[in-house]
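Enquirer: If you scroll down you'll find the structure; I have some questions about it.
The values are calculated or read from the model by the stated rules, or taken from the named source; none is laboratory data. Values in this document were obtained by computation on a predicted structure and should not be read as measured data. Backbone-built Cβ (ideal geometry, glycine too); neighbour counts: all protein chains shown.
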Amino acid sequence: MATPSTLARTSAGALRRSAPVAHGNAYYATRRFLRHRLAMAGFLLSLFLILAGVLAPILAPTPYDFADLMAANQFPSRAYPLGTDTIGHDYLSRMLYGVRTSLFVGVAAVALACAVGFPLGLLAGLRGGLADFAVMRVVEVMTAFPGILFAIFLISVVGSGVANVILVIGLTSWVTLCRLLRAQLLTLREQEYVAAARSIGATETSIAVRHLLPNALAPLIVAVTLAIPTAIFTEAGLSFLGIGINEPTPSLGRMVGESATYIRPYWHLGLFPTLAIALVMLGFTFVGDGLRDALDPRQN
């Protein structure tokens, strides 16, 4: 016969099993992201391209700067899956290293944009007053210049090359991140929980670290994710014009630009790098859209 204490423990265990499990926002955001088909497709595509770029020295049939003049202008075949270019470079090797270069430039340029834009956005959104006025005037001046034209001007001043391309794209991409963070902070500063924190004596630093920044994080993650394909496309445009990445470093944009002269007889020279640029941008764009929907608290 069960004793009262045994019955109480059994009832308590049954209640614990039947009670709904409380999960945090991260759990529900992850679940929404995993259910987003396009986001998962973009994530897998981006992961595949990242692995292809990282493992390029292992996967590439030849070094990216190896040229065999006797095998120039070969169409795709068993020996050369993506063909060769006009001086005998294996196009598969050039493509793998080109994806690696594009991803490195995109991520590094966005990291630099974050390093510039986020501190200025914090300064404008938290301090206000003269600091906000000064930052916003700089933002307005930067916004007045077309991004790609300003990047071309800066490249003509500092010169081409991987490091200079990263510097130029980063210095022309921070404005959007700065404005977004400032707008988020200005909105969150007026919320009731911030006023409640001030009423119990919380400092402005504590409010910023514990309340404002965590609540502004979701849109910033989305903005950074979507900024990467934009930076990659900018690098491709600069390299297409011949003022971006220097030879012999492979660049997808430069490969497209160099194929323009031979596009009719050798269709593969422009097709494959163009598709690679499209896939890189598509993958990160799908991930960014999925993150935006997953981090939206209004979604089920």
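Enquirer: Is there a residue being closer than 30 Å to residue 82 by Cβ and either modelled with pLDDT of 90 or more or polar (S, T, N, Q) (or both) anywhere in the range 130-143?
Expert: From the range 130-143, those closer than 30 Å to residue 82 by Cβ are none; that's our starting set.
For the range 130-143, residues closer than 30 Å to residue 82 by Cβ and either modelled with pLDDT of 90 or more or polar (S, T, N, Q) (or both): absent.
Rundown of residues vs (1) out of contact with any Pro (no Cβ under 7 Å at 6 or more places or on another chain); (2) of a type in the set (Gly, Ala, Ser); (3) crowded, with 22+ Cβ neighbours inside 10 Å, yes/no style:
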| position | (1), (2), (3) |
| --- | --- |
| 154 | yes, no, no |
| 160 | yes, yes, no |
| 171 | yes, no, no |
| 186 | yes, no, no |
| 191 | yes, no, no |
| 207 | yes, no, no |
| 227 | yes, yes, yes |
| 237 | yes, yes, no |
| 241 | yes, no, no |
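Enquirer: Of all residues in the range 61-104, count the ones that are part of a loop (DSSP other than H, G, I, E, B), surrounded by fewer than 20 Cβ atoms within 10 Å (Cβ to Cβ) and not charged (D, E, K, R). So that I can check it myself, show each step before the final result.
Expert: Taking the range 61-104 as the starting set, the residues that turn out to be part of a loop (DSSP other than H, G, I, E, B) are 61-66, 68, 72-83, 85-88.
Applying the additional criterion that residues be surrounded by fewer than 20 Cβ atoms within 10 Å (Cβ to Cβ) yields 61-63, 65-66, 68, 72-79, 81, 86-88.
Those still in the list that are not charged (D, E, K, R) too: 61-63, 66, 72-77, 79, 81, 86-88.
So the answer is 15.
Enquirer: From the list 33, 48, which residue is among the aromatic types (Phe, Trp, Tyr), on the phi < 0 side of the Ramachandran plot and modelled with pLDDT of 90 or more?
Expert: 48
Enquirer: I've got another one for you. Starting from the range 93-110, keep only residues that are under 28 Å from residue 80 (Cα atoms), then list their pairs with residues that are aromatic (Phe, Trp, Tyr) and outside any helix (DSSP H, G or I) whose Cβ atoms are within a distance under 7 Å, requiring at least 6 positions of separation or different chains.
Expert: From the range 93-110, the pairs are 93/64; 94/64; 97/64.
Enquirer: Next up: Can you confirm whether residue 182 is among the charged types (D, E, K, R), within 27 Å of residue 135 (Cα to Cα) and either buried (at least 22 other Cβ atoms within 10 Å of the Cβ) or without any contact (Cβ under 8 Å) to a residue 12 or more places away in the chain (or both)? Lay out the reasoning, then the answer.
Expert: Values: among the charged types (D, E, K, R): yes; within 27 Å of residue 135 (Cα to Cα): yes; either buried (at least 22 other Cβ atoms within 10 Å of the Cβ) or without any contact (Cβ under 8 Å) to a residue 12 or more places away in the chain (or both): yes.
Yes, satisfied.
Enquirer: Please go through the range 203-255 and pick out each residue that is within 24 Å of residue 275 (Cα to Cα) and polar (S, T, N, Q).
Expert: 225, 230, 234, 239, 246, 249, 251
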